[in-house]
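Before any comments, here is the structure.
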Amino acid sequence: MKVTETQIEGCFILEPQVFEDKRGYFFESFNQEKFEKITGAKPFFVQDNQSFSERGVLRGLHFQKGQYAQAKLVRVLEGEVLDVAVDIRPQSKTFGKVVTSRLSAANKKQMFVPRGCAHGFVTLSETATFFYKCDNFYNKESEGGVLYNDPDFKIDWIIEESELIISDKDKILPTFNEVVLD
């Protein structure tokens, strides 16, 4: 497995070793022992989530606060997305940094998003099935978010603004400067 450190402390892009032949392919998508050795992170995943989205659907930027903060290991099972992580940990040396990566069924890349980061993605292909492991359970009272088009981040979502499909809830999230963190 190839692991690339990103400009966010504790955030990694992982590329599995894929074994292909005329029958198809095989790869190990997660191995706790190898993951810990390569990244130094020791998440204990307790919840898996999956979503399906059409082209232009933007989900994010979301996070969980306090004791319900979540680290995520995300990947795409079908299609392609632009995946985005933002470091919102005030004590982090990478506070306010943004990482983007194209994740797809074809490239089989994954992103590990550590606790204390906001996360989101936009679907670039006609459809996408997005899968992620969480190291903590979802808690509605602890959810938070940052506005997807916050001018401080200058995120290029690749899809034209007029083509984005965003939930009403995500359209009214606070800006980075307005977010109250624990």
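What follows is calculated from the coordinates using simple rules that are stated; it is not laboratory data. In this text the structure is predicted, and so the values were computed from the model without any measurement. Backbone-built Cβ (ideal geometry, glycine too); neighbour counts: all protein chains shown.
The distance linking the stretch 1-36 with the stretch 111-147 is 19 Å (Cα centroid to Cα centroid, whole angstrom). Of Met111, Met1, the sequence from fewest to most neighbouring Cβ atoms within 10 angstrom is Met1, Met111.
Sparse packing (at most 10 other Cβ atoms within 10 Å of the Cβ) combined with a DSSP loop state is found for the following chymotrypsin sites (Phe, Trp or Tyr not before Pro) in the stretch 5-82: Phe44.
Across the chain, the relative contact order, built from alpha-carbon pairs under 8 Å that are at least six residues apart, equals 29 percent. Build a GNM of the chain with springs between Cα atoms under 10 Å apart, and of Val98, Val18, Val76 the one that fluctuates most is Val18.
Here the Gaussian network model covers the chain, with springs between Cα atoms less than 10 Å apart; of Pro151, Pro114, Pro16, Pro151 fluctuates the most. Can you tell which of Ala85, Ala128, Ala41 shows the greatest fluctuation in a Gaussian network model of the chain with Cα springs below 10 Å? Largest GNM mean-square fluctuation: Ala41.
Charge dipole (Cα centre; +1 on Lys/Arg Cβ, -1 on Asp/Glu Cβ; no other charges) of the chain amounts to roughly 560 debye.
List the GluC sites (Glu not before Pro) within the stretch 18-126 that DSSP assigns to loop and that have no more than 13 neighbouring Cβ atoms inside 10 Å. Here the sparse-neighbourhood loop sites are Glu28, Glu126. Taking amide H positions as modeled 1.01 Å from N, with prolines and chain starts lacking one, the residues under 5 Å from Gly96 and 5 or more places away or on another chain are Asp87, Ile88, Arg89. Modelled this way, with points 7 Å down the Cα-to-C-beta line, the labels at Tyr138 and Gln47 are 0.6 nm from one another. Across the stretch 158-169, rounded Karplus estimates of 3J(HN,Hα) from the backbone phi angles (6.51 cos²θ - 1.76 cosθ + 1.60, θ = phi - 60°) give 6, 7, 4, 3, 5, 9, 6, 10, 10, 5, 4, 4 Hz, Gly and Pro being marked x. When Leu61, Leu77, Leu173 are arranged by Cβ crowding within 10 Å, least crowded first, meaning fewest neighbours, the order is Leu77, Leu173, Leu61. Our coupling estimate for the stretch 128-139, obtained by passing each phi through the Karplus curve with A = 6.51, B = -1.76, C = 1.60 and θ = phi - 60°, is 8, 10, 10, 10, 8, 9, 10, 9, 8, 6, 5, 9 Hz, Gly and Pro reported as x.
Between amide H atoms placed 1.01 Å from N, distances below 5 Å from Leu77 occur with Thr129, Phe130, Phe131, all of them 5 or more places distant or on a separate chain.
Taking every DSSP beta bridge that has both ends in the chain, the antiparallel portion is near 95%. If R0 is 22 Å, the Cβ-Cβ spacing of Lys37 and Asn107 corresponds to a FRET efficiency of close to 0.45.
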